[in-house]
Structures are given as structure tokens and as C-alpha cells.
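To keep things clear, I will list the structure first and then write my remarks on it.
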Amino acid sequence: MAIRYVEVTDDVRKLLSKVLADHFGELKNAKIMALFDQKKRMSGGHIVLGHIMKTNDLIRHLTKEDASSAEGYDYIITIDKKGWEALNDKDRVRLLRHELRHTFFDIDAEENPYKLIDHSISDFYEEVELNKDDPKWRQRAATMVADIYEQEKEEAREKRMKRKKGRKQ
Ligand SMILES: [Zn+2]
């Protein structure tokens, strides 16, 4: 069985800390785990470059040690591995910022203040402002990553064909 999730590289952790420090002061105590997703996922016809989820009680328990917190992790961000490798740092920051905008720190919450919110348009208004130099970055990035997947599929197909031919001779 191929392992779907793998540890992120240091550049992810570094950029994530920077984005958190620059834009998300309310998350300063949040425990956020980042993982690479090696499986291509689609949503609405586009490649999913990143995804954020809240943890549940079981994951909190299982990640206690890793998070060095009795509560474990609050959020998990998964990042398409090929996508991350293909994006430049500017787009990586946009991607992390977008995912983190989905978090919502609810000061009035009685138990867990770390919640998630969705966007009403395809992005958050704050992000539209920050990305106005390149408003279609997400489509551009998703198309680029889709092309990489497509190319690899094609290469694998060609290899299989060659192998088949080799057997016939
Ligand atoms: Zn989103």
C-alpha cells in the first residue's frame, strides 16, 4: 500500500510560521500540523492544492506527543506534494494564507475555540485584496499542477506500452 500522507519539508514549516506570524495573530497558540498529500484530489473540476481540517478527539489524543501539548493538534493542513514542489514561494504563501483563512478563533467558545469557516465567494475578501496583483493565481496554479499530473500519467502509459512491445518481440 502506498503511503498517502508524508511529512512536510522544512520549507513548508518555515513558510507556515511566517504566514502565521504575519497574518494570523489569533492563532499564536494554535497547534497546526502540516502534511503532504501524495494523492491527487479534485474538487469542482480543479485540483485541490491544499485543505485544512479541524482535528477530532481521537486525532488530538494520537497527536499529543508530536504536538507536545496535552490537547494535541487543533488543525491539520494537507498540501498536494506535487503542487507544492511546482509552486513558487509567492504562490505557496497565497496557498497557506488561503487555508489559514478557513480558521476561525471563537473567543466566546466554551470549549474548543478553534473552528472553521467557509468562504461565500471562491476566496476570502481579505485574500482578494492581497492577491489583486494576480487574482487568478489559484486557477493558474491548479492548471499547472494538473498538467504535471497529466504529463506523469502520459509518461507512465508510454512506459507500459514500451514494456508491452518489448514482450512481444
Ligand atoms: Zn478555501
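Every number in this text was worked out from the coordinates using simple rules, so none of it is lab data. Small disclaimer: the values here were computed from a predicted structure and weren't measured. Cβ coordinates were reconstructed from backbone atoms using ideal geometry, including for glycine residues, and neighbour counts include every protein chain displayed.
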Compute the relative contact order of the range 93-142 as a whole-number percentage, counting only Cα pairs closer than 8 Å that sit 6 or more residues apart in sequence. 29
How far is the Cα center of the range 97-169 from the Cα center of the range 25-43, in Å? 12
Just the number: Rg to Rh for the range 1-40, Cα atoms, Kirkwood Rh, two decimals. 1.09
Estimated FRET transfer efficiency when R0 is 41 angstrom, pair Asp106-Tyr5 (beta carbons, to 0.05): 0.90
When the chain is treated as a Gaussian network with springs between alpha carbons less than 10 Å apart, the largest mean-square fluctuation among Val19, Val93, Val128 is found at Val128
Let's see if you can work this out: charge +1 on each Lys and Arg Cβ, -1 on each Asp and Glu Cβ, no other charges. What is the dipole magnitude of the range 77-169 about its Cα centre, in debye to the nearest 20? 1560
Per 0.36 nm of contour for each residue apart, how much would the distance between Glu155 and Ala70 grow if the chain were fully extended, relative to their Cα-Cα spacing? 25.9 nm
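Taking 2.2 N^0.38 Å as the expected size of a compact globular protein, what ratio does the Cα radius of gyration of the chain give against it, to two decimals? Mind dumping the intermediate values first?
Numbers: Rg = 18.7 Å, N = 169, 2.2 N^0.38 = 15.5 Å.
For the chain, the normalised Cα radius of gyration comes out at 1.21.
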Let me spell out the model: positive unit charges on the Cβ of Lys and Arg, negative unit charges on the Cβ of Asp and Glu, origin at the Cα centre of the chain. What dipole size does that give, in debye rounded to 20? 1720
For Ala21 and Val128, calculate 0.36 nm times their separation in residues minus their Cα-Cα distance, and state this gained length in nm to one decimal. 36.5 nm
Largest fluctuation, Ile107, Ile79, Ile32 only, Gaussian network model of the chain with Cα springs under 10 angstrom, belongs to Ile107
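Write out the trypsin sites (Lys or Arg not before Pro) in the range 67-169 meeting two conditions: DSSP loop, and at most 16 other Cβ atoms within 10 Å of their Cβ.
Values: sites: Lys81, Lys82, Lys90, Arg92, Arg94, Arg97, Arg101, Lys115, Lys132, Lys136, Arg138, Arg140, Lys153, Arg157, Lys159, Arg160, Lys162, Arg163, Lys164, Lys165, Arg167, Lys168; in loops: Lys132, Lys136.
Loop-located and lightly packed - Lys132, Lys136.
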Mean separation of Cα contacts under 8 Å (6+ apart) over length of the range 1-77, as relative contact order %: 32
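Starting from the Cα gyration tensor of the range 1-89, multiply each eigenvalue by 5, take the square root, and state the resulting semi-axes largest first in whole Å. Mind dumping the intermediate values first?
Numbers: eigenvalues 98, 60, 31 Å².
Those come to 22, 17, 12 Å.
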Listed by chain and number, the residues whose amide H is under 5 Å from that of Asp80, excluding neighbours fewer than 5 places away on the same chain and using placed H, are Asp37, Gly50
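Given Lys40/Lys153; Lys31/Lys115; Lys54/Lys153; Lys39/Lys82; Lys64/Lys115; Lys82/Lys164, which pairs have Cα atoms separated by over 21 Å? Write out the running numbers ahead of the final one.
Numbers: Lys40/Lys153 12 Å; Lys31/Lys115 13 Å; Lys54/Lys153 32 Å; Lys39/Lys82 9 Å; Lys64/Lys115 19 Å; Lys82/Lys164 28 Å.
From the list (Lys40/Lys153; Lys31/Lys115; Lys54/Lys153; Lys39/Lys82; Lys64/Lys115; Lys82/Lys164), the Cα-Cα distance tops 21 Å for Lys54/Lys153; Lys82/Lys164.
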In order over the range 28-44: 3J(HN,Hα) from phi, Karplus 6.51/-1.76/1.60, θ = phi - 60°, whole Hz, x for each Gly or Pro, gives 4, 9, 6, 9, 10, 9, 10, 9, 7, 9, 8, 9, 6, 10, 10, 8, x
